[in-house]
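Here the structure is laid out as structure tokens; the discussion comes afterwards.
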Amino acid sequence: METFEWIVALLLGAALLALLARRLGAPYPTFLAIGGACLAFVPDGPEWTLDPHLALTLFVAPVLVDAAYDTSLRDLRDNWAPVAGLVVVAVAATTAAVAILARVLVPDMPWPVAIALGAVVAPPDAAAATAVVRQIKLPHRILKILEGESLLNDASALLIYRLAVVAAVGGGVSFWSFAPIFLLTVFGSVAAGFAAALFTTWMSRVPDAPIAIIFQFSLTFGVWIAAEAIGLSGILTVVVYAMTIARRRSARLSARMRVPVFAVWETVVFVLNAFAFVLIGLQLRPIWERLGDLRLEYAGIALAVLAVTILARFAWVMTFNTALRLKIERRGFNPPRPMARPTVNGGIVISWAGMRGIVTLAAAFAVPETLADGSPFPYRDLILLTAFTVVLGTLTIQGLTLGPLIRWMGLSDDDPVGREVRQARAETYRAGLKAIEDDDSLQAKLVRKEFGAAIELSETEGAPGAEDVLGGGRPRLRAIEAARERAIELRRQSVIGDDAYRVLEEELDWAELSAGLR
């Protein structure tokens, strides 16, 4: 019962911290990290442990699927060069810089352990960055670069991490054994993810939302576990799997299914973020107690790694940004579709948007406790302490200042998504009108009038935003509110029973959702 009480209290605390973050315009992982750090020093707190093998599966797999659903393949192709640079070069540079620093500060640390530490802190978490930039309307190109990076850099960083841990536990990995393992892992994972998505297309035909959601989570964990069991990359397999089903299954998913499914996934991702920070916070207390006289030394190492992590990203992003701007000056800027030009200010924002999050915490958790001979894994406590320091430091230093930095830089969005929505709305609703042009029923006439108004507004300069056109916007919300109050009054007067009221309530809920205002 005590454990359950702690779970309820921690979830409530996480929700309150997220609400505070929203009011302050800050990323909610920042406040979760601060809460996790405070939890480490709460007297008589719970003593929870997590199997290292479970950490990545539990915390990372659902987060990746949620992110992959929101990722645009077209935007990834349009921005492949900066995304690839961040995913490959920035991750490798950060890993190398941290590994070298760790070896300098701790000469006894084996190279595989130092590389594992670098890979743990290398991948940024876009959940924190996008939580800020979506409130400020950052240029669409920068937002897509950050989202694409967050989806793919986990795969590159954790592939390095996995090989480093194997070398540390098993005694070394040569280049000749590394190359085939790398190629098999990458291409095998891509093929396995695509095959798993094709194999599970039947799931879109499940008519019941709760059952469909259970299937989605079960298959997400199942794909990850199966990939890891046959020696593939769980992250890369899940990313390909999720992006494939997002493209193939989205059109088959009804609105009645899509709304609860998306709501549940968003909630689960929040809960996993909360518990990741809680668990790492609970691990810090025994680590801090075990360190004894090494506390100041290890804290200094963790802060040094935090500084190098931030500087390594700055070095790569600004170098690439300078080279790209020089290339544009010589050859011109000819993107496949309208987008913002690369600027120095944009490069600074991308450099500063490298907050670490749940993947770093999960990777630190996943470091095995023992080597193959049964001896303790070298410097595991240092890895855990450093990982949390980097996450807490980047989320507080960068997370709380990213919004003011963007405003000071004067960066703004020219709303390319809005332009595409207006263009697509006119074409899609014309297709809808054509489908019912021979229908003379009253319902068809009402639909034609509504669709015709949406097309007219879409083609008018200064028309309402995308969320106001078809749904009726605020007038519909006022009408629905009045209708809802009347339904409540009829139930209170016993004119209708609860069963009839629930039917009316569901109809009004869907009408309110169709109003479109967020």
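Just one of (1) part of a helix (DSSP H, G or I); (2) farther than 25 Å from E289 by Cα trips up F31, so point out which.
For F31, the failing item is (2).
State which residue is nearest to K144 (Cα to Cα) when the search covers only region 394-426 and only residues that are buried (at least 17 other Cβ atoms within 10 Å of the Cβ) and among the hydroxyl-bearing types (S, T, Y).
Looking at residues that are buried (at least 17 other Cβ atoms within 10 Å of the Cβ) and among the hydroxyl-bearing types (S, T, Y), I get T394.
Scan region 312-329 for residues that are touching a residue at least 60 places away in the same chain (Cβ under 8 Å) and open to solvent by 30 Å² or more (accessible area, probe 1.4 Å) and report the count.
Number satisfying all stated conditions: 4.
Kindly indicate whether L138 is modelled with pLDDT under 85 and within 24 Å of A242 (Cα to Cα).
Taking the combined requirement at face value, the residue does not satisfy it.
Condition first: assigned to a helix (DSSP H, G or I), crowded, with 18+ Cβ neighbours inside 10 Å and at pLDDT below 85. Can you find one or more residues in region 174-183 that meet it? Outline the logic, then answer.
Restricting attention to region 174-183, the residues satisfying the condition of being assigned to a helix (DSSP H, G or I) are 175-183.
This time we only want the ones that are crowded, with 18+ Cβ neighbours inside 10 Å, so: none.
The answer is no, given that none of the residues of region 174-183 is assigned to a helix (DSSP H, G or I), crowded, with 18+ Cβ neighbours inside 10 Å and at pLDDT below 85.
So, in region 351-393, how many residues would count as being over 17 Å from the mean Cα position of the chain (by Cα), touching a residue at least 24 places away in the same chain (Cβ under 8 Å) and either surrounded by fewer than 20 Cβ atoms within 10 Å (Cβ to Cβ) or in a helix (DSSP H, G or I) (or both)? Before you say what the answer is, go through the steps one by one.
Step one: filter region 351-393 for residues over 17 Å from the mean Cα position of the chain (by Cα), giving 351-352, 364-390, 392-393.
Those left that are additionally touching a residue at least 24 places away in the same chain (Cβ under 8 Å): 351-352, 364-369, 371-372, 377-379, 381-390, 392-393.
Add one more test, that the residue is either surrounded by fewer than 20 Cβ atoms within 10 Å (Cβ to Cβ) or in a helix (DSSP H, G or I) (or both), and what stays is 351-352, 364-366, 368-369, 371-372, 377-378, 381-390, 392-393.
Counting residues in region 351-393 that are over 17 Å from the mean Cα position of the chain (by Cα), touching a residue at least 24 places away in the same chain (Cβ under 8 Å) and either surrounded by fewer than 20 Cβ atoms within 10 Å (Cβ to Cβ) or in a helix (DSSP H, G or I) (or both) gives 23.
Can you tell me which residue among L279, L324, L284, L303 is within 21 Å of the chain's Cα centre (by Cα) and assigned to a helix (DSSP H, G or I)?
L279
Those residues that are open to solvent by 30 Å² or more (accessible area, probe 1.4 Å), part of a helix (DSSP H, G or I) and at pLDDT 90 or above, I need them from region 101-131; list them, please.
If the condition is that a residue be open to solvent by 30 Å² or more (accessible area, probe 1.4 Å), part of a helix (DSSP H, G or I) and at pLDDT 90 or above, then L101, R103, V104, L105, W111, P112, I115 are the ones that fit.
Only residues in region 430-441 that are over 20 Å from E459 (Cβ atoms) count as the first member; pair them with residues that are in a helix (DSSP H, G or I) and open to solvent by 40 Å² or more (accessible area, probe 1.4 Å), Cβ under 7 angstrom, at least 6 apart or cross-chain, and list the lot.
Here the result reads I436/V447; I436/R448, each pair linking region 430-441 to a residue that is in a helix (DSSP H, G or I) and open to solvent by 40 Å² or more (accessible area, probe 1.4 Å).
In this structure, is A61 surrounded by fewer than 19 Cβ atoms within 10 Å (Cβ to Cβ) and in contact with a Gly (Cβ under 8 Å, 6 or more places away or on another chain)?
Here the answer is no, as A61 does not meet what is asked.
With the checklist (1) under 24 Å from M355 (Cβ atoms); (2) in contact (Cβ under 8 Å) with a residue 60 or more places away in the chain; (3) open to solvent by 20 Å² or more (accessible area, probe 1.4 Å) in hand, flag the one item F221 doesn't pass.
(1)
Restricting to region 80-100, and then to whatever is of a type outside the set (V, I, T) and within 21 Å of L306 (Cβ to Cβ), can you tell me which residue is surrounded by the most Cβ atoms within 10 Å (Cβ to Cβ)?
Checking each candidate, the answer is A90.
Under the condition of being surrounded by 18 or more Cβ atoms within 10 Å (Cβ to Cβ) and in a helix (DSSP H, G or I), which residue from region 67-79 is nearest to the chain's Cα centre (by Cα)?
A67
For residues that are over 17 Å from E266 (Cβ atoms) and touching a helix residue (DSSP H, G or I) at 6+ places or on another chain (Cβ under 9 Å), scanning just region 17-33, find the one that is surrounded by the most Cβ atoms within 10 Å (Cβ to Cβ).
The selected residue is A33.
Checking A307 against (1) surrounded by fewer than 16 Cβ atoms within 10 Å (Cβ to Cβ); (2) closer than 24 Å to A196 by Cα, which test does it fail?
The number of the failed condition is (2).
So that you can scan it fast, the table gives a plain yes or no per residue for (1) within 18 Å of L58 (Cα to Cα); (2) out of contact with any Gly (no Cβ under 7 Å at 6 or more places or on another chain); (3) surrounded by 15 or more Cβ atoms within 10 Å (Cβ to Cβ); (4) free of Cβ contacts under 8 Å to residues at least 12 places away in the same chain:
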{"residue": "L232", "(1), (2), (3), (4)": "yes, no, yes, no"}
{"residue": "M257", "(1), (2), (3), (4)": "no, yes, yes, no"}
{"residue": "L272", "(1), (2), (3), (4)": "yes, yes, yes, no"}
{"residue": "L279", "(1), (2), (3), (4)": "yes, yes, yes, no"}
{"residue": "L291", "(1), (2), (3), (4)": "no, yes, yes, no"}
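In region 489-515, what residues are touching a residue at least 12 places away in the same chain (Cβ under 8 Å) and either open to solvent by less than 60 Å² (accessible area, probe 1.4 Å) or in a loop (DSSP other than H, G, I, E, B) (or both)?
Y501, E505, L508, A511, S514, A515
If I ask for residues that are surrounded by 16 or more Cβ atoms within 10 Å (Cβ to Cβ), at pLDDT below 70 and in a helix (DSSP H, G or I), which ones from region 456-475 would you list?
Within region 456-475, G473 is the sole residue that qualifies.
Hey, could you check region 431-455 for residues that are surrounded by 13 or more Cβ atoms within 10 Å (Cβ to Cβ) and of a type in the set (D, E, K, R) and say which is modelled with the lowest pLDDT?
Of everything passing the filter in region 431-455, E450 is modelled with the lowest pLDDT.
The values are calculated or read from the model by the stated rules, or taken from the named source; none is laboratory data. Quick caveat: nothing in here was measured; it's all calculated off a predicted structure. Because the Cβ atoms are built from the backbone with ideal geometry, glycine has one as well, and the counts that use them run over all protein chains shown. Ligands, DNA and RNA are excluded from the accessible area calculation, which covers all protein heavy atoms including side chains. Shrake-Rupley method; radii C 1.70, N 1.55, O 1.52, S 1.80 Å.
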